[in-house]
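Data first, discussion second: the structure below is written as structure tokens.
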Amino acid sequence: MGEKLVVQCREQATEENANHHLEIPGLPGTATTWVSCHLLGFLQDGFGGTACETCADDNLFGPSCSAVCSCVHGVCNSGIDGDGSCECYSAYTGPSCDKPIPECAALLCPENSRCSPSSQDETKLECKCLPNYQGDGHYCEPINPCLQAICHPHAHCTYLGPNRHSCTCQEGYHGDGQVCLPVDPCQTHYGNCPTESTVCIYDGPGQSHCECKEHYRNYVPGVGCSMIDVCASSNPCHRNANCTTIAPGQPKTGGAIATLSTITILVIVLTIYQVLSFSYVSVTVPAVLRASSLPSTTLKVKELLMDKEAAQYFVKLHIIAGQMNTERMNNTDTFYTLTGKSGEIFNGDKDNQIKLKLYGGKKTVKIIQGDIVASNGLLHILDRAMDKMAPTFESNTKQTIMTMLQPRYSKFRSLLEETNVGHALDEDGAGGPYTIFVPSNEALNNMKDGTLDYLLSPEGSRKLLELVRYHIVPFTQLEVASLIVIPHIRSLANQIIQFNTTNNGQILANDVAMEETEVIAKNGRIYTLTGVLIPPSIVPILPHRCDESKREMRLYPAGVSHWPRPLRHWQGGAGRSFFKVHLLEHRAQKRDRCLYMAENQSETSGRWTVDLTVNKGEEGAALSKLSSSS
């Protein structure tokens with residue numbers, strides 16, 4: 001029975017669309033069972049594969065896999081369907097590829113080269129280096145990619161063999177070796193600094209240290225800082241009152257807690273947000289916010305502090321990037337908050353006090369004390385809090401970046417999908433986190449006519465990929481507080497994005513304004529833009545076209561004896577006659593040159609034309625040369 005099963009196995013395996021299993025009637029358990037030939041143990045000598053469908057060795061051929069290939073210097077047509085014929089290497093011939101070609105033998109090609117038809121004359125032979133080697137054919141050395149600047153400047157290149165290498169980011173940097181970004185420990189677990197009592201200070205790539213916050217001292221690594229006992233260091237209470245420190249810099253007198261001003265309350269919120277550890281900002285803070293003295297419509301601080309994200313956003317509505325003093329406020333009518341939302345400035349009133357109002361808000365607040373200098377910015381005291389407003393583009397830590405871009409930023413999402421970059425930003429994408437700068441649909445629609453169509457064409461696909469990658473920063477979650485102090489950062493396109501801030505607090509990337517800042521997603525942070533970031537490497541985006549008419553009027557004397565080649569000769573008149581070139585009309589395009597017809601007119605010779613052949617984009621220079629010829 002064993003021989004019969006082997007035959008059945010092989011026959012079924014070689015049938016077209018065979019499922020690589022064998023039907024064996026009568027096996028225990030079932031009337032008919034499908035099993036692998038390997039599992040049966042009936043594999044004959046010479047056969048291989050799951051269902052005996054191949055030969056066990058690449059050197060065997062024939063239906064029974066019993067014939068042995070005889071190719072010495074060539075590739076054998078092996079396998080069950082093979083006939084054993086040989087495809088010889090370039091320097092050999094014969095049925096078994098064992099006869100050197102005399103011309104090749106005479107060349108004596110050295111190691112790592114082979115005899116091949118000449119590049120100039122295919123009827124002649126010469127020595128050529130093997131793939132992954134370089135040289136003149138008589139001397140070939142392995143290609144070492146590491147000798148070129150193939151990795152990022154902050155990456156190590158490791159030679160792995162002929163034309164093979166790997167790039168590894170240096171210590172203090174992270175990435176894939178092609179793009180290496182400095183590691184900011186403060187962006188990862190806050191540099192292992194205890195958030196309640198310390199701030200993380202960035203010192204350089206992969207380096208940071210912890211410092212005590214105000215009202216704290218004596219830093220202990222891994223533990224934090226001790227809160228200063230205000231009562232022990234500078235007791236502010238009456239000599240007959242009991243003093244207890246209940247919060248950083250805040251004492252408790254007698255049996256009641258002292259009333260908290262808005263400054264104290266917002267400092268608690270700012271401590272949560274940690275933005276004041278960065279330079280430089282202008283902060284507008286309400287002067288008094290006591291629940292007992294405010295109407296029921298006033299912002300409820302306790303409720304706000306229960307929602308951390310809402311508290312952070314509310315605080316950012318009271319922060320302006322940069323040091324915007326009252327003098328600057330008097331010279332402008334708009335300010336921008338750290339959220340990206342803007343507001344209106346009213347000045348020159350009778351009481352000579354500056355008033356602020358968020359666009360879309362209802363409250364007009366007054367600066368009752370301004371330009372209070374701090375170590376990292378300015379403080380302005382308001383008569384009350386500005387409006388509590390919800391973000392236009394809300395954070396969602398449960399959704400990926402790609403999910404959040406639909407439908408408001410559908411155009412840029414479609415570009416991410418077109419270039420397959422979107423997969424990395426979606427649920428199944430590898431890597432991350434990311435910071436992504438997203439142009440609005442309107443910004444993409446406002447690009448120069450034909451630009452988007454060209455980028456979406458096969459010809460423009462490379463530039464589209466470069467443009468999309470330029471809007472993404474890998475391995476980083478940029479906080480807006482960090483973004484306003486760093487001058488630039490390297491994007492996924494391995495090119496630099498520049499950041500700066502206007503005098504009224506508007507944050508710019510490559511001089512493009514941001515609308516919504518620091519929108520948090522599951523796998524990164526989103527910043528929306530009013531324009532498109534164009535990487536320098538793809539400028540100009542649109543290729544030059546020859547099928548456009550160029551019009552230009554030039555007057556010059558008619559005493560020109562001839563035209564420079566390739567223009568035909570023309571004998572001019574004399575006296576006050578003149579002629580003019582007033583039209584360049586497209587005739588044809590040949591490779592990188594364009595053929596135009598230049599129409600000329602002379603008072604003495606009338607109207608005539610000449611042919612003008614110039615390089616693409618040099619029509620203006622050709623006309624200048626034409627007018628200066630004498």
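The values are calculated or read from the model by the stated rules, or taken from the named source; none is laboratory data. All of these numbers come straight from a predicted model, not from anything done at the bench. Note that each Cβ is placed from the backbone with ideal geometry, even for glycine, and that neighbours are counted across all protein chains shown. Accessible surface is based on the protein model in full, side chains and every heavy atom, while ligands, DNA and RNA are left aside. Shrake-Rupley method; radii C 1.70, N 1.55, O 1.52, S 1.80 Å.
Which fully enclosed strands (runs of 3 or more DSSP E) of the range 411-510 have 2 or more residues being in contact with a helix residue (DSSP H, G or I) (Cβ under 9 Å, 6 or more places away or on another chain) and not acidic (D, E)? Spell out how you get there, then give the answer.
Details: elements: 434-439, 472-474, 488-490, 496-501, 507-509.
In the range 411-510, 434-439, 472-474, 496-501, 507-509 are the strands (runs of 3 or more DSSP E) which contain 2 or more residues that are in contact with a helix residue (DSSP H, G or I) (Cβ under 9 Å, 6 or more places away or on another chain) and not acidic (D, E).
Residues are listed down the side, and each one gets a yes or a no for (1) at pLDDT below 90; (2) under 27 Å from F475 (Cα atoms):
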{"residue": "I143", "(1), (2)": "no, no"}
{"residue": "L147", "(1), (2)": "no, no"}
{"residue": "P153", "(1), (2)": "no, yes"}
{"residue": "C157", "(1), (2)": "no, yes"}
{"residue": "P162", "(1), (2)": "no, no"}
{"residue": "T168", "(1), (2)": "no, yes"}
{"residue": "Y173", "(1), (2)": "no, yes"}
{"residue": "D184", "(1), (2)": "yes, yes"}
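Just need a number here: residues in the range 428-471 that are under 13 Å from the mean Cα position of the chain (by Cα) and hydrophobic (A, V, I, L, M, F, W, C).
Here the count works out to 7.
So which residues in the range 380-406 are out of contact with any His (no Cβ under 9 Å at 6 or more places or on another chain), part of a loop (DSSP other than H, G, I, E, B) and more than 14 Å from T528 (Cα to Cα), if there are any at all?
D383, R384, D387, K388, M389, A390, N396, T397, K398, Q399, T400
What's the total number of residues in the range 177-189 that are open to solvent by 30 Å² or more (accessible area, probe 1.4 Å) and either farther than 30 Å from C151 by Cα or without any contact (Cβ under 8 Å) to a residue 24 or more places away in the chain (or both)? Before you say what the answer is, go through the steps one by one.
Residues of the range 177-189 that are open to solvent by 30 Å² or more (accessible area, probe 1.4 Å), as a first pass: 178, 182-184, 187-189.
Subsequent filtering for residues that are either farther than 30 Å from C151 by Cα or without any contact (Cβ under 8 Å) to a residue 24 or more places away in the chain (or both) retains 183, 188-189.
Total meeting the criteria: 3.
Give the residues of the range 386-404 that are touching a residue at least 40 places away in the same chain (Cβ under 8 Å), under 30 Å from L465 (Cβ atoms) and among the aliphatic types (A, V, I, L, M), sorted by residue number.
Within the range 386-404, I401, M404 meet the criteria.
Working only within the range 102-129, note down all residues that are crowded, with 17+ Cβ neighbours inside 10 Å and part of a loop (DSSP other than H, G, I, E, B).
If the condition is that a residue be crowded, with 17+ Cβ neighbours inside 10 Å and part of a loop (DSSP other than H, G, I, E, B), then C109, N112 are the ones that fit.
When you scan the range 435-442, do you find a residue that is touching a residue at least 40 places away in the same chain (Cβ under 8 Å), in contact with a Ser or Thr (Cβ under 6 Å, 6 or more places away or on another chain) and under 30 Å from K355 (Cβ atoms), even just one?
Looking for residues that are touching a residue at least 40 places away in the same chain (Cβ under 8 Å), in contact with a Ser or Thr (Cβ under 6 Å, 6 or more places away or on another chain) and under 30 Å from K355 (Cβ atoms), one finds none in the range 435-442, hence no.
Please go through the range 215-235 and give me each residue that is in a loop (DSSP other than H, G, I, E, B), within 39 Å of the chain's Cα centre (by Cα) and touching a residue at least 24 places away in the same chain (Cβ under 8 Å), ordered by number. I'd like the intermediate steps shown before the answer.
To start, the set of residues in the range 215-235 that are in a loop (DSSP other than H, G, I, E, B) comprises 215, 221-223, 228-229, 234-235.
Narrowing the set further to residues that are within 39 Å of the chain's Cα centre (by Cα) leaves 221-223.
Hits for the range 215-235 are G222, V223.
With respect to D383, is the statement that it is in contact with a strand residue (DSSP E or B) (Cβ under 7 Å, 6 or more places away or on another chain), touching a residue at least 24 places away in the same chain (Cβ under 8 Å), on the phi > 0 side of the Ramachandran plot and surrounded by fewer than 17 Cβ atoms within 10 Å (Cβ to Cβ) true?
Values: in contact with a strand residue (DSSP E or B) (Cβ under 7 Å, 6 or more places away or on another chain): yes; touching a residue at least 24 places away in the same chain (Cβ under 8 Å): yes; on the phi > 0 side of the Ramachandran plot: no; surrounded by fewer than 17 Cβ atoms within 10 Å (Cβ to Cβ): yes.
Considered against the rule, which asks whether it is in contact with a strand residue (DSSP E or B) (Cβ under 7 Å, 6 or more places away or on another chain), touching a residue at least 24 places away in the same chain (Cβ under 8 Å), on the phi > 0 side of the Ramachandran plot and surrounded by fewer than 17 Cβ atoms within 10 Å (Cβ to Cβ), D383 comes out as no.
Among C115, C71, which is the only one that is at pLDDT 85 or above and touching a helix residue (DSSP H, G or I) at 6+ places or on another chain (Cβ under 8 Å)?
It is C115.
Could you grab me the full set of residues in the range 293-328 that are aliphatic (A, V, I, L, M), open to solvent by less than 30 Å² (accessible area, probe 1.4 Å) and modelled with pLDDT of 65 or more? Give the steps one after another, and end with the answer.
Step one: of the range 293-328, the residues aliphatic (A, V, I, L, M) are 294, 299, 301, 304-306, 310-311, 315, 317, 319-321, 324.
Now narrow it down to the ones that are open to solvent by less than 30 Å² (accessible area, probe 1.4 Å): 301, 304, 310-311, 315, 317, 319-321, 324.
Hits for the range 293-328 are L304, A310, A311, V315, L317, I319, I320, A321, M324.
Hey, among T332, T339, which residue is in a loop (DSSP other than H, G, I, E, B), among the hydroxyl-bearing types (S, T, Y), closer than 19 Å to T517 by Cα and modelled with pLDDT of 80 or more? Let's see the steps before the verdict.
Working: T332 fails: closer than 19 Å to T517 by Cα.
Matching residue, one of T332, T339: T339.
Looking only at the range 360-376, decide whether some residue is open to solvent by 70 Å² or more (accessible area, probe 1.4 Å), of a type in the set (G, A, S) and not in a strand (DSSP E or B).
Restricting attention to the range 360-376, the residues satisfying the condition of being open to solvent by 70 Å² or more (accessible area, probe 1.4 Å) are 360, 362, 368-369, 373, 375.
Pick out the ones that are also of a type in the set (G, A, S) and you get 360, 375.
Still in the running and not in a strand (DSSP E or B): 360, 375.
Yes, the conditions are met somewhere in the range 360-376.
Please specify each residue of the range 473-496 satisfying the condition of being modelled with pLDDT of 90 or more, surrounded by fewer than 20 Cβ atoms within 10 Å (Cβ to Cβ) and aliphatic (A, V, I, L, M).
Across the range 473-496, the qualifying residues are I489, I496.
I'm trying to understand the selection: among the residues of the range 48-75, which are closer than 17 Å to C88 by Cα and surrounded by fewer than 17 Cβ atoms within 10 Å (Cβ to Cβ)?
D58, N59, V68, S70, V72, V75
Just to verify a result, which residue in the range 511-532, among those that are in a loop (DSSP other than H, G, I, E, B) and touching a helix residue (DSSP H, G or I) at 6+ places or on another chain (Cβ under 9 Å), is surrounded by the most Cβ atoms within 10 Å (Cβ to Cβ)?
Pass one, the range 511-532, residues in a loop (DSSP other than H, G, I, E, B): 511, 515-518, 522-523, 530-532.
From the residues that got through so far, the ones that are touching a helix residue (DSSP H, G or I) at 6+ places or on another chain (Cβ under 9 Å) too are 517-518, 522-523, 530-532.
On the way: T517: 26, E518: 24, K522: 15, N523: 21, T530: 15, G531: 18, V532: 20.
Across the range 511-532, the extreme among qualifying residues is T517.
Inside the range 136-149, can you point out the residues that are free of Cβ contacts under 8 Å to residues at least 24 places away in the same chain and open to solvent by less than 60 Å² (accessible area, probe 1.4 Å)?
The first filter runs over the range 136-149 and keeps only residues free of Cβ contacts under 8 Å to residues at least 24 places away in the same chain, leaving 136, 143-149.
I143, N144, P145, C146, listed by residue number.
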